[in-house]
Amino acid sequence: MPPSATAPAPGRWKVLVAFVIAALVTQLLWLNFAPILLEVQARYAVDEFTASLLILPFPLLYVFLSIPAGRLIDRLGYRKVAGLGMVVTAVGSCFRLDTDHFAALLVGQIVIACAQPFVVNAINKLVADWFEGEEQALATGLGTVGMFLGMALGLATTPLLDAELGLRGAMAVNTAVAFLAVGIWYGLCRERGVAGMENPSPTSELLKNRRLLVFVALALLGLGYFNGLTTWLELLLKPRGIDAAQAGLVGGVIIVGGIVGAIVVPLVADHLRIRRWPLVLCVIAAAAANLWLTSAMTQDMLLLSGAALGFAFMPAFALLLTMTGEVVEPRDNGAATGLVMLAGNAGGVALIVLLPMTGDWGGQGPWITLGALTGLTALVSFAAPETFPTRA
């Protein structure tokens, strides 16, 4: 019989640390090439779209693999499934050591992208297994901190490592980190079984859950916006005289602001025992911060607006994941998370492809598109239900 779910479970924070590190590595490897796309184009004599293929497979493959990953997590447990995902991630990183060939980098990115959903989609199942309602938003927020910190490191450190060690050296450092994360996962992570792994509901039944569909819509819009912004950040800022290293710094500041927000806001939400209004206010604040980022012309203003955007957007994502887990039965946490992440990455694929078609990077078309998405996301957020658990 599993331990009682009403008492704080000893060892829960170690398990969460294992997930934070695993999520960090998957996001780090995803965004390694985002801040050096122009260098990739020049080094391998490829065009803008071909260079972006080092990033695009992640949201694209997430669309196809998110539901199967969630189902597998529900049936086999997050330790086995996410652990396998980490092993595949480390193996994929080895392909990228062949920096003489663009094709080798692409193969490595595709392998890592295939593994990512099997790691990231474990968050709600893990939190439901180890944490109670009064800690769940904070635990999910800390879990997403790993994702955000990995993004920040990918955006901010890759240009620096490339400059100091060369591209092959940068890839070697990241490969070593990936294998270290595998060892940490198997060393720290275990399961209680409280969340249940038996008889998950069919996807058709989950799609009848109107509260869940609100979160699917929010993910489609909000995560689509964020994936598009982070993918094209360097080219969006280049017309303002911002180089690759500076753009990477702006991206890093967005994530650092998000890390702070993902800790503070869920902690407050847990303390107040509410979910809906913190989510709504965060989405509105993110839309306002995006307008500030759109008009910022100096490096200082870009950094400030980026920090504000991260502080508002990232906790909204953490709350979205928490609320997703609270509108379904524990046995369906993996599948519900898979639906939400599928929608978010589908939005990301669409925006990554469509944003360059909205106008020249030096014009207002791309920024107007991003602003419209944040505004629409804010409107949809008002439909979100209150989900804080009422059980004792």
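Overview of results
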item	result
Failed condition for residue 385, given (1) farther than 13 Å from residue 228 by Cα; (2) within 20 Å of the chain's Cα centre (by Cα)	(2)
Flag for residue 87 being under 28 Å from residue 264 (Cβ atoms) and in contact (Cβ under 8 Å) with a residue 60 or more places away in the chain	no
Meets criteria (in a helix (DSSP H, G or I) and either surrounded by 21 or more Cβ atoms within 10 Å (Cβ to Cβ) or modelled with pLDDT of 95 or more (or both)) for residue 214	yes
Matching helices (runs of 4 or more DSSP H) fully within the range 121-209 where at least 3 residues are buried (at least 20 other Cβ atoms within 10 Å of the Cβ) and out of contact with any Ser or Thr (no Cβ under 6 Å at 6 or more places or on another chain)	123-130, 133-188
Number of the condition not met by residue 308 [criteria: (1) touching a Gly at 6+ places or on another chain (Cβ under 9 Å); (2) of a type outside the set (Asp, Glu); (3) crowded, with 23+ Cβ neighbours inside 10 Å]	(3)
Failed item, numbered, when residue 362 is tested on (1) in a helix (DSSP H, G or I); (2) in contact (Cβ under 8 Å) with a residue 40 or more places away in the chain	(1)
Identity of the residue in the range 255-291, under 10 Å from residue 311 (Cβ atoms) and touching a residue at least 60 places away in the same chain (Cβ under 8 Å), that ends up surrounded by the most Cβ atoms within 10 Å (Cβ to Cβ)	262
Answer from 15, 25 - the residue that is buried (at least 21 other Cβ atoms within 10 Å of the Cβ), touching a Cys at 6+ places or on another chain (Cβ under 7 Å) and either closer than 14 Å to residue 105 by Cβ or touching a residue at least 60 places away in the same chain (Cβ under 8 Å) (or both)	15
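The values are calculated or read from the model by the stated rules, or taken from the named source; none is laboratory data. Note that the structure is predicted; figures quoted are calculated from it, not measured. Heads up, the Cβs are rebuilt from the backbone with ideal geometry, glycines too, and the neighbour counts pull from every protein chain shown.
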